[in-house]
Amino acid sequence: MRVDTGISYPYVSQRQQALSADHSVATSFSAPLTAPQAGATNQNNFTSMTRQEMRDWVNTQISSGEMSLDDSRPFMAMTMKISVDSLGGEMPAESDATRYDFTQKIRDGIEGAQSRNDETTLKMLESAMQIIQRSQGQATRVDVRA
């Protein structure tokens with residue numbers, strides 16, 4: 001059975017991943033499920049995350065349909081780092097190993113929006129806080145090869 005038959009992939013990388021994956025479907029459900037090996041699960045920890053980890057998490061949420069593009073706006077804004085030295089150019093997230101507390105960034109943003117009476121930003125950040133509170137500690141992926 002080909003899983004990707006009739007499916008349109010908006011990104012070339014998705015199609016390549018689908019083509020390289022094993023498309024067979026198990027027909028027997030009698031085999032017991034085994035728990036992942038200890039340490040094989042990464043968990044969301046928004047209190048200590050790099051900008052790239054946050055971007056990867058957001059992209060996964062969007063591609064899985066669990067987050068809309070509108071809901072992703074505050075997260076993407078928090079992952080930007082503008083360099084004064086490069087005259088306002090963004091510093092690449094991939095090369096930044098600094099860990100940030102994104103929950104605190106959202107709290108600070110909420111406080112700022114309240115002080116400015118900015119209802120639009122306040123609602124957006126409160127929604128972002130609810131999203132990460134639901135996702136905190138959840139498994140991000142399971143490494144089945146371990």
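The values are calculated or read from the model by the stated rules, or taken from the named source; none is laboratory data. Note that the structure is predicted; figures quoted are calculated from it, not measured. A quick note on method: Cβ atoms are made from the backbone with ideal geometry, for glycine too, and the neighbour counts reach across all protein chains shown.
Mind listing just one residue for me: the one in segment 94-120 that is more than 18 Å from T47 (Cβ to Cβ) and modelled with pLDDT under 95 and, of those, surrounded by the fewest Cβ atoms within 10 Å (Cβ to Cβ)?
Narrowing segment 94-120 to residues more than 18 Å from T47 (Cβ to Cβ): 94-95, 112-120.
Then drop every residue that is not modelled with pLDDT under 95, which leaves 94-95.
Numbers: E94: 10, S95: 8.
If we take residues in segment 94-120 being more than 18 Å from T47 (Cβ to Cβ) and modelled with pLDDT under 95, then S95 is surrounded by the fewest Cβ atoms within 10 Å (Cβ to Cβ).
One line per residue, one yes/no per condition, for (1) touching a residue at least 60 places away in the same chain (Cβ under 8 Å); (2) of a type outside the set (A, V, I, L, M); (3) not in a loop (DSSP other than H, G, I, E, B):
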{"site": "V84", "(1), (2), (3)": "no, no, no"}
{"site": "L87", "(1), (2), (3)": "no, no, no"}
{"site": "E94", "(1), (2), (3)": "no, yes, no"}
{"site": "T98", "(1), (2), (3)": "no, yes, no"}
{"site": "G109", "(1), (2), (3)": "no, yes, yes"}
{"site": "S115", "(1), (2), (3)": "no, yes, yes"}
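If the Cβ limit is 9 Å and pairs must be 6+ apart or interchain, which residue in segment 46-74 that is within 16 Å of D101 (Cα to Cα) and free of Cβ contacts under 8 Å to residues at least 24 places away in the same chain pairs with which residue that is assigned to a loop (DSSP other than H, G, I, E, B) and among the β-branched types (V, I, T)?
That search, which allows pairs on different chains as well, returns V58/T79.
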